[in-house]
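First the structure, in the form of structure tokens, and then the observations on it.
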Amino acid sequence: MRHEKAAMVLDLARRMAASAEGLTLDEMARGLDVGRRTAERTRDAVLSLYPQAEEVSDPPNKRWRIRGGLSAFEQAPTAEELVELAKAAQGLRLAGEPARAAALEELERKLKSAMRSTTLNRLAPDLEALVRAETIAVQAGPRPSADEAVLAEIRQAVLAGQPLGFIYSRPGAEARRRSVAPCGVMFGRANYLVAADRESGRIQTFRLDRMSGVRAEAGSASPPADFDLSVFASQSFGIYQDEIENVVLRVSQEGATEARAWRWHPTQAIEDEPDGGVIVRFRASGMRELAWHLFTWGHQVTIVAPPRLRAVMKGELEAAGRALITEA
């Protein structure tokens, strides 16, 4: 128990040192997953151990932070943390994201270079063993593209609140010059710029691999004040955004165990059925991407609603059937 309390104090000290504006008691409680009284006691312990900690007035709240950071001894990463960082970089490289992988690999080198040689030598055998024992299974699917120069221009425009100009090309359509207010980037099976039309304010998505001549432009262009990228991304089953609908799926007893453990959507609710099956409910857009996913469940899933999802699934099945007949 004493060890756990000491670990909690060090964890809070790291969080306070990592926050430029400081943490409120409520933020401490949420971060440590404890009650407010426990957060207060832990904060008091940090204040007694770290005299450089300071209270920051932020009416109606108070915040606490540690300026100047912590010592290398207190910040030394564990072998498990370094392995996870290495695996994240490996996963990005295997997924066709060399620029993002390189950023994590450079971070790993910086962390190791800041560590004491004795600590690094102590971790080396465990680190080597874990790297050999763990790998990433490469799954079939599209390879997303995130060109380093394109990401740099997007990030510059986002940070500076500038318009972003580019030429957008789609199959079967004439290439067009666009100028938008960038909101952010969604990374996934394909990588998308999320941006607001500068006249209508309508939020749109653009695949990064279809953008060329990307430049941050002069002037100012900011996302709508109430826009939240995380909320926007969670509305769709995948990435494609269209009408949001109530989805109801019935999973048979054969697939119920897997369905209960599956992350379908942030809004999901799962209900047990008397026969051992389950009902899965959520609100989402992106019916085509959902239909593609449901192919992998075969006969185990029945589409209860919406009708449009059934129509999309039927259309995809018919298209696949025509392709097989043409091939034959």
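Readers should treat all values here as calculations from the given coordinates under stated rules, not as data from a laboratory. Being a predicted model, the structure only gives us computed values, none of them experimental. Counting neighbours? That spans all protein chains shown, and the Cβs are built from the backbone with ideal geometry, glycine included.
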How large is Rg over Rh for the stretch 148-229, taking Rg from the Cα atoms and Rh as the Kirkwood inverse mean of 1/r across Cα pairs?
0.93
Based only on the alpha carbon positions, what is the Kirkwood hydrodynamic radius of the stretch 1-47, in angstrom?
10.4 Å
14 Å beta-carbon shell around Ala256, net charge (K/R +1, D/E -1):
-4
Before anything else, pin down the relative contact order of the chain: Cα pairs under 8 Å, at least 6 apart, normalised by residue count, whole percent.
10 percent
Coordinate range along principal axes, alpha carbons of the stretch 245-326, Å, largest first
42, 26, 19
Highest GNM mean-square fluctuation, the chain, Cα pairs closer than 10 Å: which of Ile279, Ile66, Ile244?
Ile66
How high is the FRET efficiency from Arg176 to Asp228, r the C-beta distance, R0 22 Å, rounded to 0.05?
0.20
With +1 on the Cβ of every Lys and Arg and -1 on the Cβ of every Asp and Glu, and nothing else charged, how large is the dipole of the chain about its Cα centre, in debye rounded to the nearest 20?
500 debye
Summing Lys, Arg as +1 and Asp, Glu as -1, what charge do residues with Cβ under 14 Å from the Cβ of Arg155 carry, Arg155 excluded?
-1
Once both label points are put 7 Å beyond Cα along the C-beta direction, the Arg155-Trp292 separation in nm becomes 2.7 nm
Pull out the extension gain between Ala20 and Arg41, defined as 0.36 nm times the separation in residues minus the alpha carbon to alpha carbon distance; nm, one decimal.
5.4 nm
Sort Thr38, Thr118 so the one with the fewest other Cβ atoms within 10 Å of its own Cβ comes first.
Thr118, Thr38
Go ahead and set up a Gaussian network model of the chain, Cα springs under 10 Å, then flag whichever of Ala99, Ala175, Ala86 fluctuates most.
Ala175
Add +1 for every Lys or Arg and -1 for every Asp or Glu among the other residues with Cβ under 14 Å from the Cβ of Gly277, and state the total.
-3
Would you compute the Debye intensity of the chain from its alpha-carbon atoms alone, equal scatterers and no solvent, and pass along log10 I(q)/I(0) at q = 0.14 Å⁻¹ to two decimals?
-1.36
Alpha carbon centre of the stretch 194-234 versus the stretch 1-68: separation in Å?
37 Å
